[in-house]
Structure formats: C-alpha cells, structure tokens
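All of the numbers you see were taken from the coordinates with simple rules; none came from a lab. All figures in this text were calculated on a predicted structure; none of them were measured in a lab. Cβ coordinates were reconstructed from backbone atoms using ideal geometry, including for glycine residues, and neighbour counts include every protein chain displayed.
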Amino acid sequence: MDGDVAIRARGLSKTFGTLKAVDDVDLTVSKQRIYGFLGPNGSGKSTSIRMLCGLLTPTAGEIEVLGLQIPAQAEILRQHIGYMTQQFSLFTDLTVRENLEFLAAVQNMSARDARARIDELLVEYHFEGRADQLAGTMSGGQKQRLALAGAVIHKPELLFLDEPTSAVDPESRRDFWEKLFELTDAGTTILVSTHYMDEAERCHRLAILERGRLVADGSPAELTGALEGRTLLVETEHQRSARAALMKVPGVISAAQIGNSLRLLTERGQAGPEKMQQALSDAGIRAQVAPVEPSLEDVFVAVTHSASRAEREKAEASSEERS
Amino acid sequence: MNTRRLFAVLQKEFRQMRRDRMTLAMIIGIPIMQLILFGYAINLNLRHLPAAIADQAETSASRRQVMDMLATGVIEPVANARTPEQLMTLLRRGEISVGVVIPYDYERRLALGQEAIQILVDGSDTVVQSAAAQLAQVPVGEPPPENNTRLPNRESSVPQRQSSVSIVSFYNPQRVSAINIVPGLIGIILTMTMVMFTAVAIVRERERGNMELLIATPVSSAELMIGKVLPYGMVGLIQTSLILLLGTWLFGVPIRGSLLDVYLATLLLILANLTMGLLISTRAQSQFQAMQMTFFVFLPSILLSGFMFPFDGMPKAAQWLAEILPLTHFLRLIRGVMLRGAGVFELWPDLLALVAFIALMMTLAVSRFRKRLD
C-alpha cells in the first residue's frame, strides 16, 4: 500500500439474510483527508463503517486499513483508530472526566499522560467547569463534543464518525466541523457519514451510497461539475401547475419546489432553458427560466434517480389506484 | 490481560454501581427482606390455628384432655365434627388446619400405653406441621397441676407421653427443618441476585450502545468479563455477611464449622452464578430476555437443589438434573459446614463440582463473547 492511502476496499459486500446491505463497494481514502459517505438512511453507510473498523465481518471483499488486513488484524487496528457511534455510546451514569479517564485507560495510556491529555481535552472541547457533570444530563451538542473528545483521546491516525451530527443544532454542527478540520491539519484521516448536504460539501472527497451501492465518488467540485448545464431555475408564481407541466417534458428528472421557485434537473444534452420556457408558455404559465449552478443535492438526485424512478412510478400508480 | 485496562473496567463498574440506586437497594434489600420473610417459617410459636375436635369417647377424661389442648392456645375450634372422616373433609376444604380425634376406646388405649389421640394435620403447610408438634407436648391422661407436683416422675413419663399422641401429616410427609433454611437462604439469594446482576449488566451495555464503543477499543473479552465479575463477587460476599449476621443474631442459626470454610463455599457459589450470568448475557438480546433466562436457572435451583424438598426423595431424573445446578452442591457444602461442623475439604466432591462448573461457564462465556457485532 502506498504511503498516502489510509483505507482501501475492493468488492466490499455484506448480506444480512436476503438483504444486500452493502453491495460490491470499492473505495480509496487518502490520508489527512475528510472522506464523506453521503446517503439516505438504510443506504449502507453504518454497515460499511463497521466493516472498515473490523466490527462486522464482510460477506465478500478485501479491506486494508492503515496497512492492516481487516478483519484479520482488527485487534491491532483498534489502537490506531477512534470510532464515534451513531448513538451516544459513552456512559451516561459517569461524569465527563470519568468517561474520559476510562477511555484513556482502556487505550493503554499511562495515568500521567491520561491526566494531562484529559485536562487538555476539557479545555479544547469546552468542558471547563463541567468535568464533574454526568454525561447523561448534557445536551445533544455537548454529548457529541464529549464523544468526539473520547474518540480522539489517544490521538488516533484514523477517525470513523457515524452520523456524528444527527442529533445536534446547526451551530454545534459548525463548531464540530471546525474541530474536524483542526484534526486533519494535525494529521488525522477522517471518514464521516452523513445525510446532510451541507456537511457533505465540506468533505475533501465524497462517496454517495444508495441501497448499498456506491453510485458516485469524487470531490464535491468534481461531482457537481459533472452536472454543468443540467440544472435550471424556474421563477414563477404558479409553482404547482408549472411543476406538473414540466414533469411531462421528456428529459426532466426532477422539479423541486424551493421557496418561490422550481429547481429543475434534466438529462444530459436534453432540454435547454428555451425548451422549458416553451413548455410553460404552452401550458399558459408565465415564468422565467435560467441556468443555475448545480449543487450536491442535484448530484444526489441525479445519481439516485435511475435506480429509484421505476419504483417511485410503481408506488405512484398504486396510490392513484387507491384514491 | 492488561492490569491497567482491567482496573479501568473495575473502577467504571464500581462508579456506576454507586450511582445505581435500584441495584444498591436490591443488594441490601433482597437479603434482609428474604431473611425476615423466611424468618416466619423458622419462628414456630404459632397460635390460633383453625381446628376441629372429634371427641368420640365423651368421657370426663377425654373432655379434660380437650380443654388442656385448647388451653395451649395453639388451636382454636372453628367447626364441629363427630368422625375422623368429617375431619378429613374439613381439612381437605381448608376450613381447618388441625383435626383432633379422640377415639371411643381412649381410656383403654391410655391404660395399655397405646396411642390414644390422633392429630390430623394439613401437611401442605409445613408451619402447621411444626405447630402440631407443640400440641403433642400436651400431657395426655394426667392433669398438668398434678404433673407439676411430681417432677421426678415426669421425667420418666416422657417416652410414654410422646407415644400417646400420634401425628399424621397429610400431603407432605417430609418436614423441612427450620434451621436448614438460613444456610440454604444464602444460596437462594446469591443465585437470584448474582445471575441476574451480571446477565443484565452486560446486556444493558449492549442496549445502551456502550458495547459498540467498547469493542472498538483495545479492551479484551477477558478484561471485560473479569471486570464485570469481580465487583459483583464483592457484592455477593457483602450479602453473605449480611445474611450470616442477621441469621445468627435474629434466629440463632449456628455456624458449627469454620467461618473461613463458609466464605470459601460461598465464594465458589458466587463465582459459579456470576459466570453463568455472563454466559446468559452473551445470548440475551435485551435486559428482559436476560431476566427470563435467569428464571430458567432460578426455578429449578429453588425446586431441585434440596432447598425446598429433600434431595433423596426426588426421582432419579430430577436428581441428575439437580447435580448440574451449582446450588445443589452449595447446599451440601454449607449445611455440612454450618450445621454439622464439617470442613469444606471433607466435602471435596461438591467442592470439585463447583470449581468445574465455574471453569466451564467462564470458558464458554469468554469464547462466546465476540468483539464483533455479527
């Protein structure tokens, strides 16, 4: 393995009974980077992370993390990684300091090193004056900060974060990401899963997962750049009827209502602004159509669209039958 | 095995235990409650048992005998009966607990030194059985005042007196010895609390998500398991001391063997139960399931170990099953040490059985516990 690759996985698969939770995923994560897993619930993000840190045995595929074969060498890997679970998994009936003391000891730090490091973390993660508060009595943002402090107590080379910000307010999320960038500056590699687009945009590199399959992989700029010319903004007062008219135009993948406007995503080389304008005036709707910068949300819709369109149409048909 | 990590797990357990009021209450509360509840069974001074008397002789002597029995206050007539059959019906219906039969030939039997009075007892209640024994102490055929004036004679009349009242126990011919209860109670309480504590302790960490974090750290299965077992082992020893103290202080239970042997036997039972709890915890998916599985161990332990019913009276199959249960072996050890003054090493087969059980359970638990989620 070359020196600047932290994680390499080939053909990674995991089956639970008949469910293919992760299906033939290849990925490469460079060192000192924040690598994001973007996908809806049930897309295989957690399962992938658990396999990469050796908590789940893959049904098929090869994993190499920090030069170690996983799951065979998972026990050695555990000293070099930090893992933050989706739900708060520190002890709610221990205080902030007690939790950190426990984790430091479990990570084999000497008592003196542990004390110094804990004092450092208490300041860095804003727990001054709260060291003796029970973890269970803290707010979502505080718990999440504590969990991160616990995960990095032994200064791991690699950090796995499974939806770390799902239970916190936007401000705490911003602070949290500041911390993540500080960590990568200090040399840590971070693999983080999320279903927030704004968080995904902050990652150096991104993998989009959909039903266990890796459907896109690249930097956010690469991913959005690939959609250049396929996104349009429609300004109109009659969004509902405009949407209905536009969805009938061939090549339109989605038309999402955003405030007073509609955001259109179209197939490549199809349907320029003029064609849309025409379709709207044919339907008697006054509107202005203009190209717009693609966002990660558009990327997400574009890559997941082909897989889910068939099923969505089926669902719509059956709901119409019922009504 | 790394001592620093093991110590960290131990310290964490003690800190959590200290904050868990419900568990603390159980640790202290269960032994005290059980001992006091069972204490009523040990306390045999029962009064006012519902009774019926069938005096078929109807002589002045028999009437005086009835009055003497009533004077003890142990029985209180609540129904009328003429025949032993009527008494048995009343007994079966639960209307009376004690029936007294004085036969037609009461005085002739007395004269011949035969059993002159029959007491029918509801043997399904062992407390009542013991009370009937008190009734049997009532002198038969001679009025008590006269008796008191002839002390030397009284000594010699003891065997005759005992044979003149016969107690027939229905439904449960065996009698549980009261003194057997406290040593056995140590075993019962430890089986109940220890298995449950450990089983629940690990499953709770799984339910709360702590386990996923723990297994992603370098801590080993053995460190986790031993770190769980030791604190609860100490709790078990505290409970044992509490029961021993209360047992000797409140009920005068003897400790005829060495106290060290008592603790050695108890420690083995504690470890046996804790390791069994660990094994349960590796299987149970939820705390509720862990409790259910605990009951699968607890019920046979109570019923088959010899705590409730004498071991030798059980069918062979039940005896074999009982040999698997640690409580069976513990009861033999603790009764031997506390009541017969034996040394634990004289009872080595049971000692060995417990050690083997612990080794097996610990090995199974550690090998079954995977640092994996699948």
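List of remarks:
- B:N80-B:T3 FRET efficiency (beta carbon distance; Förster radius 56 Å; 0.05 resolution): 0.15
- Modelled label reach - A:E62, point 7 Å along Cα→Cβ, region A:2-41 residues with backbone N closer than 13 Å: A:2, A:8-12, A:27
- Counting, for every residue in B:213-224, the Cβ atoms of other protein chains within 10 Å of its Cβ and taking the mean gives 6.
- Set the Cα radius of gyration of region A:2-110 against 2.2 N^0.38 Å, with N its number of residues, and you get 1.19.
- Set against the 2.2 N^0.38 Å expectation for a compact globular protein, the protein assembly as shown has a Cα radius of gyration ratio of 1.47.
- Binned Cα-Cα distances of region B:308-348, short to long, each 5 Å bin given as a whole percent: 6, 21, 28, 22, 16, 7, 0
- Convex hull volume per residue in cubic angstrom - Cα atoms of region B:65-106: 67
- The antiparallel fraction among DSSP beta bridges confined to the protein assembly as shown stands at about 55%.
- Applying the Karplus relation 6.51 cos²θ - 1.76 cosθ + 1.60 with θ = phi - 60° to region B:347-357 yields 3J(HN,Hα) values of 9, 4, x, 6, 4, 5, 4, 5, 4, 4, 4 Hz, where x marks Gly and Pro.
- Ordering B:81-90, A:111-120 by mean Cβ neighbour count within 10 Å, with the highest value first, yields B:81-90, A:111-120.
- Expressed in units of 2.2 N^0.38 Å, where N is the residue count, the Cα radius of gyration of region B:318-374 is 1.49.
- Take each residue of peptide A:83-92, count the partner chain Cβ atoms within 10 Å of its Cβ, and average: the result is 5.
- Sparse packing (at most 12 other Cβ atoms within 10 Å of the Cβ) combined with a DSSP loop state is found for the following trypsin sites (Lys or Arg not before Pro) in region A:247-308: A:K248, A:R268, A:R286.
- Measuring against 32 Å, Cα to Cα, the residue pairs A:K14/B:K12; A:K179/B:K12; A:K31/B:K12; A:K31/B:K228 contain A:K14/B:K12; A:K31/B:K12; A:K31/B:K228 as the ones spanning a longer distance.
- Sum of -39500 (n - 2.57) over DSSP H runs of 4+, divided by residues of chain A (222 nm, nearest 500): -11500 deg cm²/dmol
- Pair A:H126, B:S367: separation of 7 Å Cα→Cβ label points (nm): 5.2
- Partner shielding of B:14-23 amounts to 2, given as the average count of beta-carbon atoms from other chains within 10 Å of each residue beta-carbon.
- The protection proxy used here, the mean number of other Cβ atoms lying within 10 Å of each residue, ranks peptides B:223-236, B:248-261, A:20-33 as follows, highest first: B:223-236, A:20-33, B:248-261.
- The reciprocal of the average 1/r between distinct C-alpha atoms defines the Kirkwood hydrodynamic radius, which for chain A equals 22.0 Å.
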